[in-house]
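Input: a single structure, listed below in structure tokens.
The values are calculated or read from the model by the stated rules, or taken from the named source; none is laboratory data. In this text the structure is predicted, and so the values were computed from the model without any measurement. Don't worry about glycine lacking a Cβ; one is built from the backbone with ideal geometry, like all the others, and counts go over all protein chains shown.
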Amino acid sequence: MVAVGFVCGHGGTVGEPGVVALRRVCPLCMLLHETHRSRSELLARVAPPQRAALARETRVGANYDWRCARGHDRYPATVREVLTGPSCAKCRANAAGPAASREAGLAFMKPGLKVGTSMVEQRLRMLLGERIRLHHRVNAVRIARMFYGKQEVWPDILVPQLRIAIEYDDPGRSRRAHRGLKEASDLEKDEALREVGWEVIRIRAGGLEPFGTYSVVCRSLTVAAVDEVVTLMRQIRGDDPVDAIAIQQPAVS
Ligand SMILES: [Zn+2]
Ligand SMILES: [Zn+2]
């Protein structure tokens, strides 16, 4: 068997006989990066006897026993499932239960969540804010399933009056990660939102293909692209609800 060593230090020891050195991080480190998690977070969730093995793990398909963050029974799952999947069976049932469905689709303010930090996101917020009244006090939506271990999602921009979320994607954002994985996770996020009555408009910049039901494809974030987003909002919800939050723009002469 050929051992593989990764630059993150996991896997075989580079330099030892029979170890092939790869110039990238191991698949598990890649997935952690992609899902904005850390290995120590993951280690805190695994059953303690398996901690040492998980500390060295490179495979996202490896099975471990996990402790539910809400104190339910331990449950077996792969690393991939824990990072991207629907969590423990009890949490899953609760997420789909009647108590949760009352809150499903609700937009709320999640304190401490970093949003709109990138320049392009700020610009998008500004351009959109010149066209419709944006609600600045919300950044998360309660969903009716578990997503990355949470019963909520954090789209880039929320328009709760229309139940529309806007996501900005460009290759810079996806390149840092596993493209296929990011798209699968984006699809799941869109579905979770649709399930609770929201629609998602994706701005696909920098050569990205259309993705999901409503996409605005553009080279970079332009005024025309943002206008197109508003047009899509009208298509999705009709003119009246959009007019109700529209900001009168001075006519361009
Ligand atoms: Zn690694
Ligand atoms: Zn649970």
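Every listed requirement among (1) out of contact with any helix residue (DSSP H, G or I) (no Cβ under 7 Å at 6 or more places or on another chain); (2) closer than 30 Å to residue 172 by Cα is met by residue 43 save one, (1). Candidates 223, 200: the one that is at pLDDT 90 or above, of a type in the set (Val, Ile, Thr) and under 16 Å from residue 131 (Cβ atoms) is 223. Considering every residue within the range 94-104, establish whether at least one is within 16 Å of ligand 2 (Cβ to nearest atom), of a type outside the set (Gly, Ala, Ser) and crowded, with 17+ Cβ neighbours inside 10 Å. Scanning the range 94-104, I find at least one residue that is within 16 Å of ligand 2 (Cβ to nearest atom), of a type outside the set (Gly, Ala, Ser) and crowded, with 17+ Cβ neighbours inside 10 Å, so the answer is yes.
Scan the range 147-159 for residues that are within 13 Å of the chain's Cα centre (by Cα) and within 18 Å of residue 199 (Cα to Cα) and the total you get is 8.
Listed here are the residues, each with its yes/no results for (1) loosely packed, with under 15 Cβ neighbours inside 10 Å; (2) closer than 21 Å to residue 147 by Cβ; (3) without any contact (Cβ under 8 Å) to a residue 40 or more places away in the chain.
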position: 18; (1), (2), (3): yes, no, yes
position: 26; (1), (2), (3): no, no, yes
position: 31; (1), (2), (3): no, yes, no
position: 39; (1), (2), (3): no, yes, yes
position: 45; (1), (2), (3): no, yes, yes
position: 48; (1), (2), (3): yes, no, yes
position: 51; (1), (2), (3): yes, no, yes
position: 54; (1), (2), (3): no, no, yes
position: 69; (1), (2), (3): yes, yes, no
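Looking at residue 117, is it at pLDDT below 85, touching a strand residue (DSSP E or B) at 6+ places or on another chain (Cβ under 9 Å) and not aliphatic (A, V, I, L, M)? No: the conditions fail for residue 117.
Against the list (1) of a type outside the set (A, V, I, L, M, F, W, C); (2) exposed (fewer than 15 other Cβ atoms within 10 Å of the Cβ); (3) more than 14 Å from ligand 1 (Cβ to nearest atom), the condition residue 81 fails is (2).
The set of residues from the range 65-95 being polar (S, T, N, Q) and closer than 20 Å to residue 43 by Cβ comprises 78, 84, 87.
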